[in-house]
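The values are calculated or read from the model by the stated rules, or taken from the named source; none is laboratory data. All figures in this text were calculated on a predicted structure; none of them were measured in a lab. Here the Cβ is made from the backbone with ideal geometry for all residues, glycine too, and neighbour counts use every protein chain on show. Ligands, DNA and RNA are stripped out before the accessible areas are found, and what is left, the full protein with its side chains, is counted by its heavy atoms. Shrake-Rupley method; radii C 1.70, N 1.55, O 1.52, S 1.80 Å.
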Amino acid sequence: MHDLHSRISDGLWLALEARAKASGDPIRHIVAAALAEHLGTEHRTLFQVSTTTALVEGVYQGAVRVGTLREHGDLGLGTFENLDGEMAIVDGKCFQIRGDGSVHEVGDEVLSPFAVVTSFTADETVTLADCADLAALEAASDRLRHSDNLFYALRVDGVFDHVKTRAMCKTTEGTPLAQAAAVQPEFEFARIAGTLVGFWTPSYAKSLNVPGYHMHFLSADRRHGGHLLGCSGKGLTLQVQREGALHFALPETVDFLKADLSRDPSKDLEFAEKNRPGKPT
């Protein structure tokens with residue numbers, strides 16, 4: 001990130017203060033958004049469809065088209081209607097990794113009940129000489145984050161010595177996430193080139209997204225992938241971007257509107273997202 005110092009007129013300053021008071025946005029965010037619009041570039045905005053709490057309660061009906069997601073960014077992850085596999089958006093293209101391990105690029109008309117996407121331009125880039133495991137990758141990412149209260153996007157590229165993933169299987173609307181995640185096919189790959197797509201969410205936002213790191217993998221040949229459970233490699237390129245704003249698109253489906261989303265989703269998310277005995281493939 002870079003600091004910008006500039007003199008502006010009293011009139012502009014008063015207008016900025018008035019906009020900040022009316023919107024609740026910090027002045028620096030208003031200025032950044034105005035500059036991005038003037039220069040024709042994307043402001044750092046995390047665009048999210050629905051919430052993880054809704055997923056925990058079994059709200060899997062498609063709410064937003066993939067085409068809409070791609071309008072809001074070129075890097076992202078999520079899932080598909082009826083929890084049919086894992087989503088990875090890399091370089092503006094959207095891929096579906098199904099429970100049978102197959103990978104397909106999907107069209108703009110396909111629906112998603114939950115997804116997170118951003119226009120990615122790294123603030124920090126480092127090369128990891130030796131990344132022994134997922135914990136080491138997360139620790140390296142932590143060193144590039146300057147606050148535990150902001151949202152971050154990350155991307156990791158390179159040839160991985162080992163990658164372990166899993167993929168959700170298609171299920172019916174209303175099935176609780178913990179039940180749907182009871183059996184998740186797992187996949188392991190050796191010496192595989194690819195990309196990790198990930199986001200870091202502050203703990204205070206646990207009702208909205210997976211707290212901490214959440215990452216999906218997509219191989220360079222677009223034949224393998226899934227939700228990341230573990231990885232290792234040498235010479236990996238890690239890039240991190242701080243998000244300046246959040247944009248939530250809440251579903252207007254009947255199931256979402258009537259769902260009880262008051263329960264703490266932490267335990268169910270921990271069960272569904274973290275490594276545990278599964279069905280190896």
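Among all residues of the stretch 83-97, there is at least one that is assigned to a loop (DSSP other than H, G, I, E, B), open to solvent by 10 Å² or more (accessible area, probe 1.4 Å) and on the phi > 0 side of the Ramachandran plot.
Among residues of the stretch 1-21 that are open to solvent by less than 100 Å² (accessible area, probe 1.4 Å), those with a beta-carbon under 6 Å from a residue that is among the β-branched types (Val, Ile, Thr) at least six positions away or on a different chain give the pairs Leu16/Ile27; Ala20/Ile27. Highlighted here are the strands (runs of 3 or more DSSP E) found entirely within the stretch 101-191 that include at least 3 residues which are under 20 Å from Ile89 (Cβ atoms) and open to solvent by less than 30 Å² (accessible area, probe 1.4 Å): 115-118, 152-166. The requirement of being among the hydroxyl-bearing types (Ser, Thr, Tyr), in a loop (DSSP other than H, G, I, E, B) and modelled with pLDDT under 95 is fulfilled nowhere in the stretch 21-32; no residue meets it. With Thr253, Thr237 as the choices, which residue is out of contact with any helix residue (DSSP H, G or I) (no Cβ under 6 Å at 6 or more places or on another chain) and under 22 Å from Cys169 (Cβ atoms)? None of the others qualify; the one that does is Thr253.
Evaluate the following for Phe189: is it touching a His at 6+ places or on another chain (Cβ under 9 Å) and at pLDDT 90 or above? It is true that Phe189 is touching a His at 6+ places or on another chain (Cβ under 9 Å) and at pLDDT 90 or above.
Under the condition of being within 15 Å of Thr201 (Cα to Cα), in contact with a Phe, Trp or Tyr (Cβ under 9 Å, 6 or more places away or on another chain) and not acidic (Asp, Glu), the residues counted in the stretch 130-149 number 4.
With respect to the stated conditions, Gly212 fails to be at pLDDT 95 or above and either over 17 Å from Val56 (Cβ atoms) or among the charged types (D, E, K, R) (or both).
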